[in-house]
Structure formats: structure tokens, C-alpha cells
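Working notes, beginning with the structure itself.
The values are calculated or read from the model by the stated rules, or taken from the named source; none is laboratory data. Just so we're clear, the structure is a prediction, and the values are computed from it rather than from any experiment. Cβ placement follows ideal geometry from the backbone for every residue including glycine, while neighbour counts extend to all protein chains displayed. These area figures cover heavy atoms from the full protein model, side chains too; ligands, DNA and RNA do not enter into them. Shrake-Rupley method; radii C 1.70, N 1.55, O 1.52, S 1.80 Å.
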Amino acid sequence: MRDPFLIESVAVLRRTPAVFDALLRDLPEPWIHATEGPETWSPWVVLGHLIHGERADWIPRLEIILRSGPTEPFMPFDRMAQFHESAGKTAGQLLDEFAAARRDSLARLEALDLDAHHLALQGTHPAFGLVTARQLIATWTAHDLAHLNQVSRVMARRYQTEVGPWAAYLSVMQR
């Protein structure tokens, strides 16, 4: 992998499972299942979502772009699949599953030996229309960071009341 964009993206993508592992492994269940209210996601739900993305989104869509270009639209992504796919699993199991799925995804990405030409190739997203391989990989990277932010925010807000007046100094507590 020689492209600077890919090197930078993979540097983040490779670290994400370890960051989630360091943050969540062996925490008491209230941290793992904390939410910001009805119809919001807990860290446990986010882990399941990330695993589903490894299997159904990033590399499968990249492979469609490389194989068929815009002639084969991506399948719509099921943003709720994690609820049935993760049922009955512990956070530790999900962390292990995510780490293994990400290792597999990155091995597949590296095997593709992409260059600037490949990154400019287009595919068809069901909602956005034409997108490039570069945009897909950038989104994969930003998606990881967005969910790290989300999980940290959800966990911090679990102590919304307990921090008392210091909430005024903690931007994460502001809605």
C-alpha cells in the first residue's frame, strides 16, 4: 500500500478495535448498555453495528466498485441488523468479533493493492448515487471516529446528574 491516503486511513482503521477494547472490555454492564434515551444506541449496539459493517458494507461495496463500477448498485445497508445478529452476546464477545472482522477486512483491503486509479473508480450508492472508492474508504475511517465519539459521549452523559455544577464546564454534557 503506497498511496498516502490509504496509509493514513488504515492507520486509523487498524487502531479502532483496540481503542474500543481498551475503553469497554470488562466494564460493568451499566456502562455497556448506557444510552442517551429511547431509540439511541448503547456501546453494545455500536459494537454490533461495527461488526455488521465489516461484513456487509465497506469491503463488499469496495469489491462491487472494483468489479462492476456503477453498473451494480450497492445493496442497502441494514442499520438495525446488529439487534438480531448480536443477541445474546457479551461485550467481550463483540469486541473479539469486531477485532477479527476488522483484521480480515484490512487483509482484504491490502490484498487489493489499490492505487490512485482504483480510488477514483465509482460505484452506485442506493441513496447518494455515484460515489468513489476514495469516498467509501474516507467514510469508513470517519465512521469509526464518529462511533468512538458517540460511545464516549454516551458514557460521559451517564454521569450527567452526578457531575453536578461541573456540567457547565463539560461541553459533552450540553445537548
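So how many residues does region 119-143 have that are within 16 Å of the chain's Cα centre (by Cα) and under 14 Å from residue 66 (Cα atoms)?
Final tally of qualifying residues: 3.
If the Cβ limit is 7 Å and pairs must be 6+ apart or interchain, which residue in region 58-72 that is small (Gly, Ala, Ser) pairs with which residue that is in a helix (DSSP H, G or I)?
Pairs that qualify, where the first residue is small (Gly, Ala, Ser) and the partner is in a helix (DSSP H, G or I): there are none.
Could you check region 107-134 and list, in sequence order, the residues that are assigned to a helix (DSSP H, G or I) and surrounded by 17 or more Cβ atoms within 10 Å (Cβ to Cβ)?
Correct list: 109, 118, 119, 133, 134.
Out of 65, 32, 51, 59, report the one residue that is closer than 18 Å to residue 152 by Cα and either at pLDDT 95 or above or hydroxyl-bearing (Ser, Thr, Tyr) (or both).
Just a single option satisfies the conditions, and that option is 32.
Looking at residue 161, is it open to solvent by 30 Å² or more (accessible area, probe 1.4 Å), under 15 Å from residue 49 (Cβ atoms) and either β-branched (Val, Ile, Thr) or assigned to a strand (DSSP E or B) (or both)?
Judged against the criteria, residue 161 is not a match.
Any residue in region 79-93 that is modelled with pLDDT of 95 or more, part of a helix (DSSP H, G or I), more than 14 Å from residue 136 (Cβ to Cβ) and of a type in the set (D, E, K, R)?
Among the residues of region 79-93, not one is modelled with pLDDT of 95 or more, part of a helix (DSSP H, G or I), more than 14 Å from residue 136 (Cβ to Cβ) and of a type in the set (D, E, K, R), which makes the answer no.
For region 17-24, state whether one or more residues are over 19 Å from residue 99 (Cβ atoms), modelled with pLDDT of 95 or more and either open to solvent by 30 Å² or more (accessible area, probe 1.4 Å) or of a type outside the set (Val, Ile, Thr) (or both).
No: zero hits.
Tally the residues that are more than 16 Å from residue 53 (Cα to Cα) and either among the hydrophobic types (A, V, I, L, M, F, W, C) or touching a residue at least 24 places away in the same chain (Cβ under 8 Å) (or both), restricting the search to region 134-153.
Count: 5.
So which residues in region 44-82 are touching a Pro at 6+ places or on another chain (Cβ under 9 Å) and exposed (fewer than 13 other Cβ atoms within 10 Å of the Cβ)?
75, 76
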